[in-house]
1. Could you run the Debye sum over the Cα atoms of the chain, one equal point scatterer each and no solvent, and tell me log10 of I(q)/I(0) at q = 0.11, 0.12, 0.13 Å⁻¹, two decimals?
2. Hey, any idea what the orientation-averaged projected area of the convex hull of the range 202-251's Cα atoms comes to, in nm²?
3. Run a plain Debye calculation on the range 203-352 (Cα atoms as equal point scatterers, no solvent) and give log10 I(q)/I(0) at q = 0.14 Å⁻¹, rounded to two decimals, same order as the q list.
4. What per residue convex hull volume, in Å³, do the alpha-carbon atoms of the range 95-179 yield?
5. Compute the Rg/Rh shape ratio of the range 334-438: radius of gyration over Kirkwood radius, all on alpha-carbon atoms.
6. Distance check, please: which entries in K319/K417; K155/K258; K20/K355 exceed 22 angstrom between their Cα atoms?
7. Over the Cα atoms, compute the radius of gyration (one decimal) and Dmax (the largest Cα-Cα distance, rounded to a whole number) for the range 33-86, in Å.
8. So if each residue of separation counts as 0.36 nm, and I subtract the Cα-Cα distance between L240 and T4, what length gain in nm does that give?
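The values are calculated or read from the model by the stated rules, or taken from the named source; none is laboratory data. Small disclaimer: the values here were computed from a predicted structure and weren't measured. Ideal geometry is used to build each Cβ from the backbone, glycine not excepted, and the neighbour counts take in all protein chains shown. Just so you know, the surface numbers come from the protein's heavy atoms only, side chains and all, with ligands and any DNA or RNA stripped out. Shrake-Rupley method; radii C 1.70, N 1.55, O 1.52, S 1.80 Å.
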Amino acid sequence: MAYTDRYETYMKESITDLEKSRESERRIVFGYTSDTDVLLTYDEAAFNEILTKYMKTDMYCRADDVIDNMETFARFVTYYMSNGLGGEVDIVNEEVVQYLLSHFQTQYSLGGTCAQGAAALGTVGMPLLVQISDKCEKVCELMDYPGLECVRDGKPVPIREIAEGEPVYHIIFSYTKGDTFRIGDTVYTVPISNRLILDYDTIHKDIVVEEDFKRYIEEHAQDVISYNISGFNAIIDTELTLRRMDELGRHYWAVKEKNPHCKIYFESAHYLSPDVKHLVYREISRYVNVMGMNEEELVAHTKECGASLDNSSLPDVLKGMELLIEKYQVNGIILHTKDYSMYYGDEMTETNIEKGLTMGNLLSGTRARVGHYGNLDEIRESLQCPLSEVGLAFAKELEQMKLERSACLVPSRYMEKPVCTIGLGDTFVAGVQFGFIR
């Protein structure tokens, strides 16, 4: 059976969900990190100048890389650009930061998976609760939507009321399909639009979730629709990680005990420490219903399991997802790509997973198309974009396969050259929440 396009149907249902949510005490919850992103506008001449001056080796990167000088920056970024990859890496030298800010045009925006997901839902008018780490005036201003609240002194308050402290900056180096750069006499072309996140940040080497927030969520667990968690990827101390996972594990257990219907969603990311990543995944999988990730993260995970994955092959993709489910004993995985999104795992009760995937695609696709979190009118306009041919082919292939687990695949509304490649996964997570609203 061919894929049936239900985008418009689910869009209409989601507008009804928004209206009902505003009249209800039930809330979607996001945690835990935020920052101020500094977007660098790609400038071929400026980048080639850097390569002429600093490119001293071949293009390559290692799992434990940090950027400590411009030579490291040059070889690392060219490797990612030439392969159309995205990722995250630490900058440990402030001189690198100052060099980049002085050689490229900059634009400031909101960063952090939970912060961006919350802002995306806030833009369409969804009330929700959020815990953030960077509470500077700029972050709170960028998250200032009616119904978007934090917890202070045991009660929800508008986010502007918690503004304090200095900003945390993450530098976003974006590149678009077709961008070029030169090393010596060779010109390289970027095959896929993507971005690198360059962190000059010490605050997120630890994640402290405020007791006030945890207590409120536990006391009001029955009103929690879904609990979306992320932000552990910058921690590099394994002993600290274990302590934080133990603290949060007791918190998640308390929430699930009071509300077994609450869906806990964990969004993956590029981890600065492979050891920390394994600890987080091992511990967090005891509590979460769904792990979310993009195809680059899936490839990296399956490689760690000793398997290679061709992400242009649906059987390979499913094999990779199966490996992760077996390794971490999680209920299911949501994979989001530019061509499709897919759930694979146990049958999800009290959930319309197709609706969640569809709205995830629609919200993230709108951000890619217009360059910001879309309002309802802009999201509706994205329905005019065609469905991805790759996604449609995968959906047709999936229909013919006999699987032991539940699977659902929704083709994306496709665009060849997105205006924006930043925060698309975070915005996708926001859209998925519509599938959890009962």
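1. -0.83, -1.01, -1.21
2. That works out to 3.8 nm², a quarter of the Cα hull's surface.
3. Rounded to two decimals, the profile gives -0.71.
4. Details: hull volume 10.0 nm³, N = 85.
Measuring per residue, one finds 117 Å³ for the Cα hull of the range 95-179.
5. Ratio of gyration radius to Kirkwood radius: 0.97.
6. Among K319/K417; K155/K258; K20/K355, the Cα-Cα distance tops 22 Å for K319/K417.
7. Reported Rg and Dmax, both Å: 12.3, 37.
8. 80.2 nm
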